[in-house]
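Visitor: Have a look at this one.
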């Protein structure tokens, strides 16, 4: 008999204590939180104060025939740098780096022949070798393996130095852009409704594979000192986006959607950025 | 022996009775500093806010909210190392506080972006 009474008493006293605590918290104003917008300044990753100008030279691009990764990337990065960097952006036609790399890999005699026909810096070869594996460079570029064979181009300091001299020693930005289609199957559960023998509604859950299609963007940005032709910084990124089958997204839209995610990081290499966000202040 | 115990108990009570208001005073002083910091931060005076929150952490080093706010202030000023230290202290004091954890997760995203090591070409 005494057990339940004591239990009830302790329950009552706990409730009273809880109410007292709640009242005290309210009386003291309780714990308050306030959302506040902040802007975090980020310093540039590269020291570029010795450069007044930047040349977005061009990109080795491939993976999708509907998007010209070279033209689009050059155009996008130039417009971003014009508005968000103190460096003067040089206007020049994007270099056809795939062709230039192929010329450089063909050997000195053939390169010399081509140079006589085309006086552009693209044909100034400092490297008589073929691609990374000593074979001809793959074209069109369809995979990561293909694009990796063009890596030697970025290490050709003689070529980049010559290009730098042509544009009065700017900071040169180049690299590669691979934009490919991608499909992925994910397990999803679907719920279907049916009426049972008694006319009652029943919900069945079924699990199945759903195929999603999308794109993967893998750009590599190479920053080259136009005075020496040497690489001073490289950045590699990978972004992907998948859509359900009923979404028909044009590849160019997806390209810009994916680039939009990377551009702040790219800009942060050259210029200070302010990143906006919300934080909670506590009392 | 009994007298000794009585003295000890009285002494302990005396210490407790004097210490509790001290802790209470420290917390209420720190709270005032934190409140003022929030007020000035809302008006964009972040340097002043940081000073107040810094003082609050000195007055009451167990006050998680003060460390959290100080971390936010440092983030706003771009002092990311100090911000990380302050967030970590705040989380040590209040490991289950969702607001502090959320702030810290958002901070980490920015911090990773800022401190990504440059990959040099061989």
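Visitor: For the range B:113-121, indicate whether the set of residues that are at pLDDT below 95, under 19 Å from residue A:40 (Cβ atoms), surrounded by 15 or more Cβ atoms within 10 Å (Cβ to Cβ) and more than 16 Å from the chain's Cα centre (by Cα) is non-empty.
Guide: yes
Visitor: Which ones in the range A:191-243 are within 26 Å of residue A:47 (Cα to Cα) and without any contact (Cβ under 8 Å) to a residue 24 or more places away in the chain?
Guide: Within the range A:191-243, A:236, A:238 meet the criteria.
Visitor: Another one. List the number of the failed condition for residue A:281; all other conditions in (1) more than 12 Å from every other protein chain (Cβ to nearest Cβ); (2) modelled with pLDDT of 90 or more; (3) outside any helix (DSSP H, G or I) hold.
Guide: Result: residue A:281 passes all but (1).
Visitor: Moving to a separate point now. Which count do you get for residues in the range A:240-278 that are within 14 Å of chain B (Cβ to nearest Cβ) and in contact with a helix residue (DSSP H, G or I) (Cβ under 9 Å, 6 or more places away or on another chain)?
Guide: Total satisfying the criteria: 12.
Visitor: Collect the residues in the range B:89-103 that are touching a helix residue (DSSP H, G or I) at 6+ places or on another chain (Cβ under 8 Å) and either part of a helix (DSSP H, G or I) or under 19 Å from residue B:47 (Cβ atoms) (or both), keeping them in residue-number order.
Guide: B:89, B:90, B:91, B:93, B:99, B:100, B:101, B:103
Visitor: Please determine, by comparing only the residues of the range B:77-99 that are closer than 27 Å to residue A:272 by Cα and crowded, with 24+ Cβ neighbours inside 10 Å, which one is nearest to the other protein chains (Cβ to nearest Cβ).
Guide: B:83
Visitor: Checking the conditions here, which among B:70, B:106 is closer than 17 Å to residue A:279 by Cα, part of a helix (DSSP H, G or I) and facing another protein chain (nearest Cβ under 8 Å)?
Guide: Within the list B:70, B:106, the selection yields B:106.
Visitor: For the range A:79-98, which positions are surrounded by fewer than 21 Cβ atoms within 10 Å (Cβ to Cβ) and within 14 Å of residue A:175 (Cα to Cα)?
Guide: A:94, A:96, listed by residue number.
Visitor: Would you check which residues across the range A:148-181 are surrounded by fewer than 24 Cβ atoms within 10 Å (Cβ to Cβ), more than 14 Å from every other protein chain (Cβ to nearest Cβ) and under 19 Å from the mean Cα position of the chain (by Cα) and list them?
Guide: Result: A:180, A:181.
Visitor: Answer yes or no: is there a residue in the range A:215-229 that is away from chain B (no Cβ under 14 Å) and at positive phi.
Guide: no
The values are calculated or read from the model by the stated rules, or taken from the named source; none is laboratory data. Small disclaimer: the values here were computed from a predicted structure and weren't measured. All Cβ positions, even for glycine, are placed from backbone atoms using ideal geometry, and neighbour counts span all protein chains on display.
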